[in-house]
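Notes follow once the structure below has been shown.
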Amino acid sequence: MIIGSVLRKFSKIELSTADDKHYILKNNFVSRMAFGLIGVPHLGFRARAKIIFKEILQSPKSTRILDAGCGYGLYALTLAEKGYYVDSIDLDQKRIGSLNALRQESPASRERISAHQGSLTNLPFFDNSYDLIICSDVIEHIADDQASVRELARVLKSGGKLILSVPYNSRHNQKIFRMFSHERPGYTRKELTTLFNPYGLHLKKDYYYEYWLGARLFGFFNSLNSKTLMGIFFYPCYSLYLLDRLLTIGEPNGIVIVAEKKS
């Protein structure tokens with residue numbers, strides 16, 4: 001699966017990054033072909049999305065899913081194309097508006113995605129509503145991260161799965177986290193365990209990515225301002241970025257965890 005290839009289906013795309021880069025693209029033949037061949041050209045997002053989709057696609061289509069802090073809805077849009085039903089929520093009304101506009105262009109998205117504006121610290125959903133929750137690179141932006149985890153646990157069913165990605169609390173992230181509007185540099189596995197335990201969330205798996213080489217590849221690729229250069233360099237950089245996860249030189253800078261709510 002080429003992550004982000006679903007975007008080739010839509011007439012107008014809005015995307016943004018944590019360092020306040022904002023992109024609005026009107027799709028034409030060339031951009032549709034590029035999305036089909038390359039997907040979303042963002043190394044960090046692609047690395048964690050690869051892990052997240054691997055975990056989700058093991059679940060049956062009847063799984064009730066919440067995309068918490070959905071942004072522009074790329075996880076939800078991809079899952080809807082694969083037959084899953086997803087509730088999406090984000091604090092940013094503009095992003096929810098953009099997702100709703102995309103939904104109108106796709107019968108699968110219109111039928112299978114429900115989009116809501118709201119805060120992760122006060123979710124507008126009933127207790128024990130979801131079999132699976134995605135929360136990807138969100139809680140590091142929230143001052144009261146404990147309140148957001150409490151709410152995620154509340155709406156997750158007993159035995160349900162929380163897939164959460166955050167920056168790792170590395171020396172590298174301790175230096176740069178303010179650039180990305182993060183409230184904190186990140187989390188270690190131990191810190192996540194401490195955060196989750198009061199709410200009955202038990203860590204089952206963890207995946208680490210973006211070590212020494214990956215961080216430098218991310219910096220290089222992120223410095224490219226030309227779409228043409230990004231297209232040329234994406235797959236060479238992405239291949240090395242995936243190799244970086246096998247080499248594990250230095251500290252990781254990203255972590256994806258899978259937690260289960262105890263019965």
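When the helix-only estimate is applied to the chain (DSSP H runs of n ≥ 4, each -39,500 (n - 2.57), divided by the residue count), what is the mean residue ellipticity at 222 nm, nearest 500 deg cm²/dmol? It would help to have the intermediate numbers written out before the result.
Values: 10 runs with 105 residues, N = 263.
Rounded to the nearest 500, it is -12000 deg cm²/dmol.
Of all the options 162, 229, 79, the one that moves most in a Gaussian network model of the chain with Cα springs shorter than 10 angstrom is 229.
If Rh is defined by the Kirkwood formula over all Cα pairs and Rg also comes from Cα, what ratio Rg/Rh do you get for region 64-202?
On the way: Rg = 15.2 Å, Rh = 15.5 Å.
In region 64-202, Rg relative to Rh is 0.98.
For the chain, the longest stretch holding no GluC sites (Glu not before Pro) located in a DSSP loop with at most 13 other Cβ atoms within 10 Å is which? The longest such stretch corresponds to 1-104. A DSSP coil position with no more than 15 other Cβ atoms inside 10 Å describes the following trypsin sites (Lys or Arg not before Pro) in region 31-121: 61, 82.
With springs connecting C-alpha atoms under 10 Å apart, model the chain as a Gaussian network and identify which of 235, 211, 187 has the largest mean-square fluctuation. Judging by the Gaussian network model, the answer is 235. Reported value for the chain: 117 Å³ per residue, from the convex hull of its C-alpha atoms. Taking only the Cα atoms of region 1-100, the radius of gyration and Dmax are 13.3, 36 Å.
Here, each number is a calculation from the coordinates, and none is a lab measurement. Fair warning: this is a prediction, and the values are worked out from it, not measured in the lab. Quick reminder, even Gly has a Cβ in these numbers, built from the backbone with ideal geometry, and neighbours come from all protein chains shown.
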